[in-house]
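> Structure incoming, see below.
The values are calculated or read from the model by the stated rules, or taken from the named source; none is laboratory data. What you see is a predicted model, and the numbers here were worked out from it, not measured in a lab. Neighbour counts are summed over all protein chains in view; Cβ atoms, including those assigned to glycine, are modelled from backbone coordinates with ideal geometry. In case anyone asks, the SASA skips ligands and DNA or RNA and just uses the protein heavy atoms, side chains included. Shrake-Rupley method; radii C 1.70, N 1.55, O 1.52, S 1.80 Å.
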Amino acid sequence: MKFNRFIFDNYIATDEGKKALRFFSDFENVIKSKKKSSYFDFLNHISILPIEKEDSDEELKRYSTIFSDFDFIKTRSNNQKIFNNNGIDGIIESGKAFFETELVNDEVSTEREYMTFIRYFSLVYYFSASNFFFPYYFEQQFPKLESICKEFDISLPPLPPKRDYKKRFFYYFEICKAFYDFRQQYNFTPEEFCVFLYYFSPHCIEPMTFSEDLPEPSKVYICGASKEDSEWLKNCDSNTICRWAGNTNMMHGDIMLLYEVKPVAAIQSVWRCVSIGFTDPFEYFADRVWVSKMIRTAPVTLDDLRNNPVWKEKGLVKASMQGVAGTPCSKNEYDEFLKMLSEKGFDTALLPRLQYTGLPNDVELSIEKDVEEKLLEPLLKKLGYTEKNWVRQLPVRMGRGERNYPDYALFPKGSKGEETAKFLWEAKFTISNKRQLQDAFLQAKSYAMRLQSKGLGLVSKEGIWISFEKDSFLFDKMKSYSWADLENPDVFNEVKLSVQK
C-alpha cells in the first residue's frame, strides 16, 4: 500500500500514538537516565515473545555504562562535525569511517561479532545524527522489517554475501539510505519515523505468530548446539520457542534434529519448525528459523551415526559434524535415526513422521510438460472441470511490449488487454526448496493480480500449493498438499470445496 500521511497523522493523535511519540521524543534521556519502566514497555511491545523485566534493566545498565565510558557527550559533539557533509551519501561514508576509526575496540575481536552489537551502534549514530540514522530494534525479526518495507513500497537493497561480514554490518547504512528518501518524501521528523517503524507499521502487516496447528512435516534437517546451548537446553520443554541457526529452505512443520557438540556429541532432542527459514544479516549465523515442540529423546551419539550403515556415508558424519547448521536429511536417514532410537528403548511413536509424497498411479515424469499433462490436467478433471473450462498458455500483456503466458487459466474472459480468469494454475517440474517455491509463487501471484483471479495454484512432482485472494495472496497463508494427501477423500474434498468457492 502507498503510505498515507493523513492516516499516520490521525494515528499520532490517538492515545497510543501520543504515548509512542512522547517515548521517542525522550528516547535519549530514557537510555542515559535508565528509565526502566518505559524502556521495558517499549521492548515488550516490539518483541515476538514476552521478555523479562530484568533483561531490559540489564540492557539499559549496559548501554548507559558504555555511553559513559565512551564519553558520549564529547563524541556527540565531534559527530556534529563529522556528519556535517552534504547529502546522504556523504553522511553514510562518514558514518562508515567513524565506525572504523572511533567505534572499533579491542574487546570485540572480529567483524562478525560486531554485528551482534548493531542495536548499540545504531543508537550511537541515531543520537548523533538522527536525521540520517535510525535506532535498529529488529534483531531476531528481520522478516518483519522486510514486510514493512514491502507493505510501504520501500526498496531494501539486496542482502550482502553471508561471508562478507563487513558488508553485513555496513548493511545497516544501506537500510538508512533506503529509508532516507522515504522520510524526506513524507516529511518525517526523527521521532515520527521511529513511531512509524515500531508502532504504526506493525498494524499494517501480518503479525508473526507460532501456530499450534502445524502441517505434516515434509523434510528433516539437522542443526547444531554449542556447549553453552547444551546447558540451556536442559531447562527446555515442549512449550519452549526459540530461534536457531538453520536453513532458509526450512518450512512450517519441518523436523529439526538437534546435535549437541562435545562433550555431549549426540542428538538428544527433536524439534518442529514453527516459522519458515529466513536470513538475518545481523545475526552471527545469518540463516535462522524459529522452532518449538521439543521432544527429548535417548541420545544418538556420533559413534552411533558412524556405525550406522546409512549415516556413516553422510558427508556431515564423515566430517565429524563440522558445519552442522541446517543440513538436510533424507527420509532414509530419518528412518534409520528412528530405528536407532527404537533399539535404545525409546518409543518412536512420540516423534513426527515424514509425509509420504508418492505420486498418483506411479506416473513417470521427466520434464515440466509431464507435470502438466500427467498431474495437473487429471487433477483439474477430478476437481470437476473439463478442457472447455481452461485455456493453456493464455497470452496476457503485463507491461509495455511484455507478453506472458500463465500455464492454465480457468474460465478466462474479456477482450484483449482486459482479460480476467477465475483461477490460475502454474506447473513446475520440481519445487523442492523455499527459493523455488517463492519464485513460482511470485510468478503466479503476478498473473493472478493482473487477471483479477480469486485464487492460484502451483503444482509439481512434490505436490500442490493453493493461495487465495481473500488471504491477500500472502506467501505464509498458502496451503500445501502432497499427492499422498490428495488420496485421502476428506483432504481432497477440502481442496475441491476451497477451489470451487
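> Would you compute, from DSSP H runs of 4+ residues alone, the mean residue ellipticity of the chain at 222 nm, taking -39500 (n - 2.57) per run and dividing by the full residue count, rounded to the nearest 500?
Result for the chain: -11500 deg cm²/dmol, rounded to the nearest 500.
> Same structure again: Give me the accessible area per residue for segment 1-65, probe 1.4 Å, as a whole number in Å². All intermediate terms of the calculation are to be shown ahead of the outcome.
Values: 3780 Å² over 65 residues.
With all protein chains present, segment 1-65 gives 58 Å² per residue.
> Under a crude label model (7 Å from the Cα following the beta-carbon direction), how far is LYS234 from ARG353 in nanometres?
Each label point is offset 7 Å from its Cα along the Cβ direction, giving 3.6 nm.
> Still on this structure: Using a 1.4 Å probe on the protein heavy atoms, what percent of the accessible area of the chain belongs to carbon and sulfur? Before the final figure, lay out the partial values.
Working: 11860 of 24920 Å².
The nonpolar share, carbon plus sulfur, comes to 48 percent.
> Now for a separate question. Leaving out ligands and nucleic acids, note down the accessible area per residue over segment 285-391 with a 1.4 angstrom probe, in whole Å². The partial results should precede the final answer.
Working: 5630 Å² over 107 residues.
With all protein chains present, segment 285-391 gives 53 Å² per residue.
> Still on this structure: Helix 165-185 versus the longest principal axis of the chain: what angle, 0 to 90°, nearest 10, using Cα atoms?
Roughly 80 degrees between the two axes.
> Eigenvalues of the Cα gyration tensor times 5, then square-rooted: what semi-axes does that give for segment 439-493, in whole angstrom, largest first?
For segment 439-493, the semi-axes come out at 22, 12, 9 Å.
> Then there's this: Given 0.36 nm per residue, what is the gain on full extension from LEU49 to LYS19 after removing their alpha carbon distance, in nm?
Gain in length upon complete extension: 8.6 nm.
> What number comes out for accessible area per residue over segment 117-267 if the probe is 1.4 Å? Units Å², please.
Accessible surface, normalised per residue, equals 42 Å².
> What Kirkwood hydrodynamic radius, in Å, does segment 365-449 give when the mean of 1/r is taken over all pairs of distinct Cα atoms and then inverted?
Roughly 13.8 Å, rounded to one decimal.
> Pairing the Cα long axis of helix 36-46 with the longest principal axis of the chain, what angle in degrees results, from 0 to 90 and rounded to the nearest 10?
For 36-46 against the chain, the angle is about 20 degrees.
> In nm, what is the difference between 0.36 nm times the number of residues separating SER366 and LYS339 and their Cα-Cα distance?
Values: separation 27, 0.36 × 27 = 9.72 nm, distance 3.32 nm.
Once the chain is fully extended between SER366 and LYS339, it gains 6.4 nm.
> Show me the ranking of peptides 461-469, 234-242, 316-324 by mean Cβ neighbours inside 10 Å, starting with the highest.
Top of the packing list down: 461-469, 316-324, 234-242.
> Going by average Cβ density within 10 Å per residue, which order do the peptides 12-18, 187-193 take, highest to lowest? Display every interim value, and only then the final one.
Details: 12-18: 13.1, 187-193: 17.1.
So the order, starting with the most tightly packed, is 187-193, 12-18.
> I've got another one for you. Compute the normalised compactness of segment 346-501: alpha-carbon radius of gyration over 2.2 N^0.38 Å, N being the residue count.
1.09
> Further question: Once fully extended, how much extra length lies between ASN4 and ARG119, figured as 0.36 nm per residue of separation less the alpha-carbon to alpha-carbon distance?
Length difference between fully extended and current span is 38.5 nm.
> Moving on to the next point. Assuming R0 = 41 Å, what is the FRET efficiency of LYS477 and LYS227, from their Cβ-Cβ distance, to the nearest 0.05?
Approximately 0.55, to the nearest 0.05.
> If each of GLU212 and ARG397 carries a label point 7 Å out from its Cα toward its Cβ, how far apart are those two points in nm?
Label at GLU212, label at ARG397, 5.3 nm between them.
> Ok, one more. Quick check: the angle from helix 72-82's long axis to the longest principal axis of the chain, C-alpha only, nearest 10 degrees?
80
> List, in the order given, every pair from LYS167/LYS428; LYS2/LYS32; LYS428/LYS470 whose Cα-Cα distance in the structure shown is over 31 Å.
Cα-Cα > 31 Å for LYS167/LYS428; LYS2/LYS32; rest within.
> Arranged from highest to lowest average of other beta-carbon atoms within 10 Å per residue, in what order do the peptides 152-158, 137-143 appear?
Most protected by this proxy first, the peptides run 137-143, 152-158.
> How far apart, in nm, are the 7 Å Cα→Cβ label points at LYS34 and ASN493?
With each label placed 7 Å out from Cα toward Cβ, I get 6.5 nm.
> A follow-up question, please. I need the fraction of alpha carbon pairs in segment 399-450 separated by more than 19 Å, rounded to a whole percent.
So the pairs more than 19 Å apart make up 32 percent of the total in segment 399-450.
> Using a cut-off of 10 Å between beta-carbons, work out the net charge of the residues near LYS318 (Lys and Arg +1, Asp and Glu -1, LYS318 not included).
That works out to +2.
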